[in-house]
Structure formats: structure tokens, C-alpha cells
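S.K.: Before we start, here is the structure in question, set down as C-alpha cells.
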Amino acid sequence: MSVTISAGTAYGFFTDTSICIGCKACEVACKEWNQLPGNPPHFLGDSFDNTGQLDDMNWRHVQFRETTSAQGGPAWLMMSDVCKHCNQASCMDVCPTGAIIRTEFDTVFIQQDVCNGCRNCISACPFGVIGFSGDTGTVHKCTLCYDRLQAGMQPACAQACPTQSIQFGPLVELHARADMRLVALQSQGHDPILYGRDDNVYGGLGAFFLLMDKPESYGLPSTASAVRPERNNAPGYLGALLGSVLAVLGGLIAFRRRNETEAQ
Amino acid sequence: MDHEHFAVSPDWKWYILLYFFLAGIAGGAYVIGALLRLAGGAGRDRAAERLAFLVAFPVVLICPILLTLDLGSPGRFWHMLINTTPGQGGVNFVSRSPMSVGVWALSLFALVSFVTFVATLSEVRGGRGAAVRLMAGAGGSLVVLAGALLGLFVASYTGVLLSVSNQAVWSDTWTLGGLFLASGMSAAAVVVAQFARRRAGAGTERRLAEADGWFAVVELLFVVLFFITLGAAGTAGTVLGHGWALLWVVVGLGLLVSLLGLARRGMAGAMAVVTPVLVVLGVFALRAVIIFSPQ
Ligand code: SF4
């Protein structure tokens with residue numbers, strides 16, 4: 001699908017998990033384009049998954065979640081996971097160096113020459129997306145192919161996906177497509193949900209999903225659990241203030257001027 | 001509120017543990033020095049006050065070294081302070097990021113505690129230089145007050161830094177700042193008392209033991225609040241399972257000896273050798289269990 005890409009427009013991914021076939025073409029295309037190292041081969045014992053997780057070397061991760069269908073038989077939930085390019089990005093909130101920026105395409109990007117590897121963003125990302133690389137001394141994640149977008153090309157994963165489970169485009173268009181797909185699946189008797197399409201998950205996700213089960217089944221926080229680290233600033237500092245006042249009071253009681261002499 | 005967590009570990013390990021520990025002692029020692037100066041009897045605890053200031057600066061000097069060593073790119077430590085994004089530049093201060101605020105507070109605290117250190121050292125040596133004259137007057141009290149406020153921040157913000165995340169345990173409680181502050185003050189009190197043993201009178205030692213006891217009371221209160229908040233979030237098991245309970249025993253012993261010191265106040269020798277060791281170990285164990293168990 002050809003897309004005209006221009007700065008100032010919000011772009012993203014719509015990942016329709018109902019048509020993911022688990023071929024991992026997206027993982028391979030991502031690794032090839034971004035020149036990410038391969039994983040050392042080892043058996044994870046976790047279905048057909050041999051990637052394991054999103055990290056510094058894996059910016060796309062196809063999940064294979066074995067579950068039970070409505071009819072009681074075995075079923076697979078497959079989903080190509082990626083950085084969500086959150087509208088309210090927890091990683092950006094806590095980054096002390098300003099290395100994490102929002103680009104002209106409304107995506108979230110880590111500037112490799114600014115990041116100093118403090119790893120605060122890893123503790124904040126609610127999706128476990130960011131990984132630290134000992135080789136570069138910095139953190140890495142999906143760039144939504146920032147370099148390709150600047151050259152007018154769509155991201156490598158979306159281009160490689162043979163089923164169009166991963167669709168790239170202006171978010172406005174993707175939202176409309178997702179809404180239509182939701183209605184179509186509902187009319188077929190399914191009960192899918194759109195995750196991150198609306199602003200109830202981190203102000204809306206640049207990479208949003210159509211899920212066939214509840215978010216937690218895919219390792220995604222529910223709407224209620226999708227909270228920002230920032231929420232703890234005020235209570236955290238108030239707790240510190242309370243501790244400070246009480247400790248200073250304790251010190252004042254101990255050191256107060258009493259009518260005692262050193263001989264006592 | 002019970003939140004499910006899918007965040008992965010930032011792999012903050014020994015450097016961070018040591019930093020959190022020393023930041024508590026450095027900040028705590030300065031605050032103790034300030035309290036002795038501003039609230040203590042006129043000159044009564046002068047020796048302990050000086051020692052507290054002399055302890056604070058060398059300890060705080062180690063802190064940035066630890067923080068730098070923990071970075072993936074240590075040569076870029078200064079990126080915390082200066083924005084190197086092309087086309088932006090200028091000073092980096094991100095108010096919503098406790099790590100950013102903390103780096104600035106640590107830098108300012110190091111500066112103020114350096115001035116205090118130099119003045120105190122030259123005073124001890126009988127000097128009458130500009131620093132000594134500055135510190136002797138009202139200006140000196142203002143410097144000490146600013147240092148004490150910064151010290152309180154440096155000793156406590158590390159807890160807030162952990163909470164401002166999406167990690168299990170850390171983000172489930174608002175108590176870590178108060179907990180780290182009170183425990184840091186407790187460790188600082190016994191460290192200053194140890195240095196003060198030969199130079200200050202028995203009265204000073206008693207008062208420091210009493211202060212340690214009060215800090216332990218505050219710490220105990222925050223430990224209770226910590227477990228109440230984790231209980232509500234359903235993550236208390238994380239800090240108690242897998243043998244972590246053993247570290248809580250060490251924390252408990254440290255608290256116990258401090259509280260006993262408070263109960264026995266007025267008795268000489270309240271700071272016997274075993275007491276500071278247990279207190280310091282307890283404070284270290286507290287940070288270790290909180291930092292390591294969710295990771
Ligand atoms: S998914 Fe994580 S890394 Fe990606 S923008 Fe959101 S918070 Fe940042």
C-alpha cells in the first residue's frame with residue numbers, strides 16, 4: 001500500500017492480530033533494515049516463540065500465546081508486538097537527558113548520540129519495550145523506521161507483512177480502517193477490542209492493536225493499569241516531606257537545649 | 001490501587017545501591033550538623049557538629065562517581081545537566097523526572113557541603129580565613145540552612161525516583177522517600193557518633209543516640225506504611241519471598257538496637273560498637289531489599 005509521508009502528520013501502526021499468521025517476516029525485516037544483531041539460538045520452550053521479548057536487539061516480537069477457543073479447543077493468539085509510540089510516553093516523562101524526543105511524524109525516538117544509558121526509561125515503559133545494549137552503552141527500541149519515513153518510505157515491518165496484519169499510515173486513516181474492521185468482526189460473531197485506538201491508554205497509542213482477547217492475555221496492561229510514572233511525583237515528594245518533617249522533629253527533640261551538664 | 005505490571009527491570013544494581021546508601025548518609029550527616037548548630041546548646045555539641053560537616057562532603061564526593069560508573073556511557077554523565085540535542089542546547093532540567101531534579105540537587109548539595117567542609121576544616125585548624133568568617137555569622141547559618149534542605153532532598157529523592165516508574169513495588173507506594181530519609185538519618189547519626197566518641201563528651205554521644213532512636217521511630221512508621229501500601233497493591237509478596245525476608249530480619253535488628261538506644265537514653269555507652277554496625281547494616285539491607293527484590 002503506498003502512502004505519501006509528510007512531516008507534521010501523525011503516523012503509526014494498526015496491528016490487526018486477527019490476521020497475524022506468526023510468520024515473523026516483520027521481525028526479519030526489522031532486523032535487516034535496522035542492522036540488529038541476531039539472537040543466539042536457544043530453545044525457550046514457549047510455543048513457537050524463539051525471540052522471547054522486545055529488547056535492544058528485537059524491536060518487533062511475534063508473540064504466540066496458546067489459549068483455549070470459545071469452543072473449548074486449542075487456539076493461538078498471535079501478535080506482532082512493538083513500541084507503542086505512546087501519546088503520553090512514560091519513557092519521555094522520566095528521561096533526564098532529553099534523549100527521547102517526539103519526531104515530526106509524532107513518533108517517539110531515542111537519540112543515540114544523546115542517551116547516556118541511565119536506563120530510567122526502562123523502569124518507566126509500561127510495556128517492557130526498551131532494552132539496554134552493553135555494546136553501545138545506550139538504550140534501544142523501535143524507531144518506527146524514522147530514517148525510512150524521512151526518505152518517504154513506509155516502515156520495513158509493515159512493508160514485509162504478507163497478511164497486512166501490520167498496517168502503516170496516517171493515524172486518522174488507520175483509526176477509520178480499524179473501526180471498520182471491528183464492526184466486520186463483530187458481525188461475524190467475534191468479540192474483539194481496539195487497544196490504544198482511543199485516548200484511554202496513554203493518551204492513545206501511535207501503534208495500536210485489534211485484539212481477540214483481553215489486553216492482559218497479550219501481556220498488555222488493562223486500561224485501569226495503564227498509568228503514568230508521573231502520577232507518583234506528588235505523593236512521593238509529599239511522603240519525603242512528611243519523613244523530613246518528622247525526622248527533623250526527632251532531631252530537635254534529641255538536640256534541644258536542656259538544663260543538663262556534660263557531667264550528667 | 002492494584003496495578004498489573006509489565007515493565008522490565010532497568011538492571012540497577014550495586015552502584016545504585018551504594019549510591020542510595022551514601023546519599024542517605026551524606027545528606028543525613030549534614031542535616032544532623034545543621035540541627036546541632038541551629039538548635040543545639042550554644043557550643044555544647046560543637047565537636048559533633050563539625051564532625052558531621054566533615055563527614056558529609058567526602059561521602060557526597062563518592063556519589064557522582066558511583067552514578068557515573070552505573071551509566072552505560074559514563075563519558076556522557078554531563079548530558080544529565082546540559083541538553084545535547086542538536087539545535088537545542090542549554091541547561092537540562094526536567095521537573096517531572098526525579099533523576100533530573102536529583103542530579104541538580106546533588107550538584108548544589110556538593111557545592112554547599114564543600115563550602116561548609118572547607119570552613120569547618122580551617123576552623124578546626126585555628127584558621128580565620130574568609131570561609132571561616134562567612135560561616136561564623138548569620139550568613140553561615142543561611143548556608144547551613146540551605147545545605148540542610150538540600151541534604152534532606154538528597155537523602156530522600158532516591159525513593160521518589162524509584163516510585164516514579166512502572167515497576168512493581170517501587171511504583172506501588174509513596175513511602176520510599178520518607179523511608180530512605182529516616183533510615184539515612186539513622187545511619188548518619190551512628191556514623192557521626194562513632195567519629196565523635198573521642199572528641200565529644202558523653203552528653204553529645206547520648207544525644208546522638210537519642211536522635212538515632214527518633215529517626216528509627218520515623219523509619220519504623222514508614223516501614224509499616226510501606227507494607228500497608230504494598231498490601232493494598234498486592235505486591236508485598238515480592239519483597240518478602242525468595243529469601244528476601246532474611247534481609248528484613250537485618251533491617252529489624254538495626255531498628256531494634258536504635259529503638260533500645262532511645263529507650264535507654266541517658267545511659268552512657270548507648271552507642272557501643274555493635275550498635276552502629278547493626279544500624280548501618282540494617283539501613284544497607286533496607287535499600288538492598290527494596291532495590292533488588294522487584295528486579
Ligand atoms: S511503548 Fe514504552 S518505549 Fe514506546 S513510547 Fe510508550 S513508553 Fe516509550
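S.K.: Looking at segment A:81-106, which of its residues are touching a residue at least 60 places away in the same chain (Cβ under 8 Å) and under 12 Å from the mean Cα position of the chain (by Cα)?
M.R.: Within segment A:81-106, A:D81, A:V82, A:C83, A:K84, A:H85, A:C86, A:N87, A:Q88, A:A89, A:S90 meet the criteria.
S.K.: Can you name the residue in segment B:152-182 that is part of a loop (DSSP other than H, G, I, E, B) and within 7 Å of chain A (Cβ to nearest Cβ) and is also nearest to B:V94 (Cα to Cα) among such residues?
M.R.: Only one residue fits best here, namely B:V164.
S.K.: Consider segment A:205-221. How many of its residues are part of a loop (DSSP other than H, G, I, E, B), more than 11 Å from the ligand (Cβ to nearest atom) and away from every other protein chain (no Cβ under 14 Å)?
M.R.: Within segment A:205-221, residues that are part of a loop (DSSP other than H, G, I, E, B), more than 11 Å from the ligand (Cβ to nearest atom) and away from every other protein chain (no Cβ under 14 Å) number 2.
S.K.: Is it the case that A:V94 is in contact with a Ser or Thr (Cβ under 6 Å, 6 or more places away or on another chain), modelled with pLDDT of 95 or more, within 14 Å of chain B (Cβ to nearest Cβ) and open to solvent by less than 30 Å² (accessible area, probe 1.4 Å)?
M.R.: When the stated conditions are applied, A:V94 passes them.
S.K.: Moving on. Being in contact (Cβ under 8 Å) with a residue 60 or more places away in the chain, surrounded by fewer than 24 Cβ atoms within 10 Å (Cβ to Cβ) and more than 19 Å from B:G40 (Cα to Cα), is that true of even one residue in segment B:196-219?
M.R.: No, segment B:196-219 has no match at all.
S.K.: Sticking with this one: Given the options B:F77, B:F93, B:F53, name the one that is part of a helix (DSSP H, G or I) and open to solvent by 20 Å² or more (accessible area, probe 1.4 Å).
M.R.: None of the others qualify; the one that does is B:F77.
S.K.: Next question, about the same structure. Filter segment A:107-121 for residues that are touching a residue at least 24 places away in the same chain (Cβ under 8 Å) and either among the hydrophobic types (A, V, I, L, M, F, W, C) or within 11 Å of the ligand (Cβ to nearest atom) (or both) and give the result.
M.R.: A:T107, A:V108, A:F109, A:I110, A:C115, A:C121, listed by residue number.
S.K.: Given the structure, is A:V129 within 15 Å of the ligand (Cβ to nearest atom), touching a residue at least 12 places away in the same chain (Cβ under 8 Å) and assigned by TED's automatic domain parsing to the domain that holds A:P215?
M.R.: Here the answer is yes, as A:V129 does meet what is asked.
S.K.: Can you tell me which residues in segment A:28-56 are closer than 15 Å to A:H140 by Cβ and of a type in the set (D, E)?
M.R.: Correct list: A:D55, A:D56.
S.K.: Still on this structure: Return the only residue of A:A124, A:A184 being among the aliphatic types (A, V, I, L, M), surrounded by fewer than 23 Cβ atoms within 10 Å (Cβ to Cβ) and either within 14 Å of another protein chain (Cβ to nearest Cβ) or more than 16 Å from the ligand (Cβ to nearest atom) (or both).
M.R.: Exactly one of A:A124, A:A184 is among the aliphatic types (A, V, I, L, M), surrounded by fewer than 23 Cβ atoms within 10 Å (Cβ to Cβ) and either within 14 Å of another protein chain (Cβ to nearest Cβ) or more than 16 Å from the ligand (Cβ to nearest atom) (or both), namely A:A184.
S.K.: Report whether or not B:A148 is of a type in the set (A, V, I, L, M), more than 8 Å from every other protein chain (Cβ to nearest Cβ) and in a loop (DSSP other than H, G, I, E, B).
M.R.: Answer is no for this residue.
S.K.: Got at least one residue in segment A:10-29 being touching a helix residue (DSSP H, G or I) at 6+ places or on another chain (Cβ under 9 Å), among the aliphatic types (A, V, I, L, M) and assigned to a loop (DSSP other than H, G, I, E, B)?
M.R.: yes
Yes/no per residue for (1) under 17 Å from B:R206 (Cα atoms); (2) at pLDDT 95 or above; (3) β-branched (V, I, T):
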site: B:P10; (1), (2), (3): no, yes, no
site: B:I16; (1), (2), (3): no, yes, yes
site: B:L22; (1), (2), (3): no, yes, no
site: B:I25; (1), (2), (3): no, yes, yes
site: B:A34; (1), (2), (3): no, yes, no
site: B:D45; (1), (2), (3): yes, no, no
site: B:A48; (1), (2), (3): yes, no, no
site: B:F53; (1), (2), (3): no, yes, no
site: B:L61; (1), (2), (3): no, yes, no
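S.K.: A further question on this structure: Go through segment A:53-91 and count every residue that is surrounded by fewer than 24 Cβ atoms within 10 Å (Cβ to Cβ), outside any loop (DSSP other than H, G, I, E, B) and of a type in the set (S, T, Y).
M.R.: So the count comes out to 2.
S.K.: Of the conditions (1) assigned to a helix (DSSP H, G or I); (2) open to solvent by 10 Å² or more (accessible area, probe 1.4 Å); (3) more than 9 Å from chain A (Cβ to nearest Cβ), B:L67 fails just one. Which one is it?
M.R.: (3)
S.K.: Further question: May I ask you to verify whether A:T67 is in the same structural domain as A:G204 (by TED's automatic domain parsing) and within 12 Å of the ligand (Cβ to nearest atom)?
M.R.: Spelling it out, it is not the case that A:T67 is in the same structural domain as A:G204 (by TED's automatic domain parsing) and within 12 Å of the ligand (Cβ to nearest atom).
S.K.: Here is a follow-up. Give segment B:1-50 a look and list any residue that's open to solvent by less than 10 Å² (accessible area, probe 1.4 Å) and aromatic (F, W, Y), or say none.
M.R.: Within segment B:1-50, B:W12, B:Y19, B:F20, B:Y30 qualify.
The values are calculated or read from the model by the stated rules, or taken from the named source; none is laboratory data. It should be emphasised that the depicted structure is a prediction, and the values quoted were computed from it without experimental measurement. Reconstructed Cβ throughout: ideal geometry from the backbone, glycine too, with neighbour counts over all protein chains shown. Accessible surface is based on the protein model in full, side chains and every heavy atom, while ligands, DNA and RNA are left aside. Shrake-Rupley method; radii C 1.70, N 1.55, O 1.52, S 1.80 Å.
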